[in-house]
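Take a look at the structure below.
The values are calculated or read from the model by the stated rules, or taken from the named source; none is laboratory data. The structure displayed is predicted, hence computed values, not measured ones. Here the Cβ positions follow ideal geometry from the backbone for every residue, glycine too, while neighbour counts run over all protein chains shown.
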């Protein structure tokens, strides 16, 4: 025979209280939460750790943006320089006195510009630039002053020659054309001095195409803002 459950009995009241206690706790928890707020809540955004992560993310994004802008500027500058070099390389030769009206004249956009200059080579004042490597072989650049009718000389880099077999000097340096010569050259800016390297003891050698140093070894006044890499000569050597 089954005995009916009496909620008013002592045991019934105790059992009912146990059933109601968790529900009451849940009700209190739900009462303190916004019904429209996600379950996880947004209180974590006020924590120091989260704010630190957010600051790092923002800083990283700013650095990436700045780096991207820097790379873009470098790319645009490289494109501009390449276009300028291509234009100057094939440019019709400009007379020297127009390209370089003063002895110290030079503009960055003149690099590789083709220039024509007429005069006579001063072979006695010819200089060698040391430590010039070509295809892995050491050698020298040959600098020969081309004296114009104004009495000023323009320095022409006539090319590269290898180091000699038995001495620290070329075995042979080809002679330039004699008499009046018209040379077409591509302009180059005077090179800076090489830090920590002294001038060679040899009177006919220099450490770099630093035109102020070249001027000290050439009796004739020279153009000091730029020199020229030889493209062609008339008459040919």
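Pairs, please: C-beta under 6 Å, at least 6 apart or cross-chain, first residue without any contact (Cβ under 8 Å) to a residue 12 or more places away in the chain and in the stretch 182-193, second surrounded by 15 or more Cβ atoms within 10 Å (Cβ to Cβ) and assigned to a strand (DSSP E or B)?
Close Cβ pairs satisfying both conditions: none exist.
Exactly one of (1) surrounded by 10 or more Cβ atoms within 10 Å (Cβ to Cβ); (2) in a loop (DSSP other than H, G, I, E, B); (3) modelled with pLDDT of 85 or more is unmet by residue 33. Its number?
Checking residue 33 against (1) surrounded by 10 or more Cβ atoms within 10 Å (Cβ to Cβ); (2) in a loop (DSSP other than H, G, I, E, B); (3) modelled with pLDDT of 85 or more, the one that fails is (3).
From the list 232, 203, which residue is more than 24 Å from the chain's Cα centre (by Cα), assigned to a strand (DSSP E or B) and either loosely packed, with under 15 Cβ neighbours inside 10 Å or not assigned by TED's automatic domain parsing to the domain that holds residue 141 (or both)?
None of the other options fit; the residue is 232.
Scan 126, 137 and give me the residue that is assigned by TED's automatic domain parsing to the domain that holds residue 193, modelled with pLDDT of 95 or more, touching a strand residue (DSSP E or B) at 6+ places or on another chain (Cβ under 6 Å) and surrounded by fewer than 19 Cβ atoms within 10 Å (Cβ to Cβ).
126
Does at least one position in the stretch 188-198 carry a residue that is part of a strand (DSSP E or B), within 24 Å of residue 111 (Cα to Cα) and over 26 Å from the mean Cα position of the chain (by Cα)?
no
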